[in-house]
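Structure, as structure tokens:
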Amino acid sequence: MALPSSSSCKHRVLVLAAALLALAMAPPGRAAAYLYDDLKLTWGSGCSYFYMDGGDADTLALCLDRSSGSGFSSNASYLYARYDMDIKLVANDSAGTVATFYLMPDDVPWEYHDEVDMEFLGNATGEPYTLHTNVYVNGAGGREQQFQLWFDPTEGFHTYSIEWNPKYIIFLVDDTPIRAYRNDRARGVPFPAWQSMRAEGSLWDAEEWATQGGRVKTDWAQAPFYAYYRNFRVTPCAPCPGVAWCGDEPPESAWFDQRPDAAALQRVRAENMVYDYCVDQKRFGDTGFPVECTAS
């Protein structure tokens, strides 16, 4: 999360600077906490497990087999934060599988829930992974954008991030922004702004739609499938002194100066985007595009 520049938030700058200094002085390669202190397995196959990978950090291996997928949830939830996770995706023939990293509230009826999704759609051997993103507000999604990753995400860990602040939801890959969804409620654009959300992840079978629209099915001879998660970090929003919570930040606040790197965002959209609901004439040609596709 970018450091604020506004003079109204000098206190927050000092606090965040001290936190960054503490992290810089920590032993190299060590996460802020053990993963199993921050996350819990919530459902699925008995072949998922935490393990030490040779250093001080632990890793969660999520498993998908013929009987079940599996999933986890963070212990804490936040209203506005940046969530980072290092992930290594299912290797070899992963067609039909979907690994996820997303935000979700607790105990909210489905028709009212907010959600922010990063879903990694498995591939036939040799084909690139597709990163599927979506934003739900008050139970309504349908805001899909998809990107082909520009590296092999099965050869090592890469950092996937969701930054959710009062101005934007920003999706990032290795700190490169790939999508920005703007809070433009003055124009009627729905934006998640009242439900605290946990980070969640899962590995599950979606062979009916995940790979080439469901044309390529899961090869269960390759099971069990594993995706690996480690080094979970959360940077919660900290309001300026005298402000009750981040959603009440005044327009001059540093929160409203935070924007994604426009040049990097445009480059990824030009080179790696493979689907954008905002230009899908077949889908919206008769009914008109959603307001966020046309609002400036």
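Rounded to whole numbers, the Karplus 3J(HN,Hα) couplings from phi for the range 69-78 are x, 7, x, 9, 9, 6, 6, 10, 10, 9 Hz, using 6.51 cos²θ - 1.76 cosθ + 1.60 with θ = phi - 60°, and x at Gly and Pro. Ordered by the count of other Cβ atoms within 10 Å of each Cβ, fewest first, VAL243, VAL274 give VAL274, VAL243. With θ taken as phi - 60° and the Karplus curve 6.51 cos²θ - 1.76 cosθ + 1.60 applied, the whole-hertz 3J(HN,Hα) list for the range 184-201 is 10, 5, 4, 9, x, 7, x, 8, x, 9, 9, 9, 4, 10, 8, 7, 9, x Hz, x standing for glycine and proline. The calculated FRET efficiency for the pair TRP150 and GLU111, based on their C-beta separation and a Förster distance of 45 Å, comes to about 0.75. Label-to-label distance, TRP43 versus ARG187, with points set 7 angstrom from Cα along the beta-carbon direction: 3.6 nm. Each residue of the range 202-217 is assigned a 3J(HN,Hα), and the resulting list reads 7, 9, 8, 8, 10, 5, 6, 8, 5, 10, 6, x, x, 6, 9, 8 Hz, derived from the Karplus form 6.51 cos²θ - 1.76 cosθ + 1.60 (θ = phi - 60°), x at Gly and Pro.
For the chain, modelled as a GNM whose springs connect Cα atoms under 10 angstrom apart, the maximal fluctuation among TYR129, TYR168, TYR277 occurs at TYR277. Near the amide H of LEU79, within less than 5 Å, lie the amide hydrogens of MET197, all on another chain or at least 5 residues away, with H placed in the peptide plane.
Database remark: amide H of LEU39 closer than 5 angstrom to the amide H of ASN75 (H placed geometrically; neighbours at sequence offset of 5 or more, or on other chains; Pro and chain starts carry no H).
Relative contact order of the range 103-183, please, whole-number percent, based on alpha carbon pairs below 8 angstrom and at least 6 residues apart.
Numbers: 136 pairs, mean separation 14.0, N = 81.
Answer for the range 103-183 is 17 percent.
With R₀ set to 30 Å, the beta-carbon distance separating TYR34 from CYS278 gives a calculated FRET efficiency near 0.15. Among ASP93, ASP58, ASP286, the largest mean-square fluctuation in a Gaussian network model of the chain (Cα springs under 10 Å) belongs to ASP286. The amide H of VAL189, built 1.01 Å from its N in the peptide plane, has ASP184 as neighbours under 5 Å, considering only residues 5 or more places off or on other chains.
Read-outs throughout are calculated quantities, based only on the coordinates presented, and are distinct from any laboratory measurement. From a predicted model like this one, the values you see are computed outputs, not experimental measurements. As a convention, Cβ positions derive from the backbone with ideal geometry for all residues, glycine included, and neighbour counts pool all protein chains shown.
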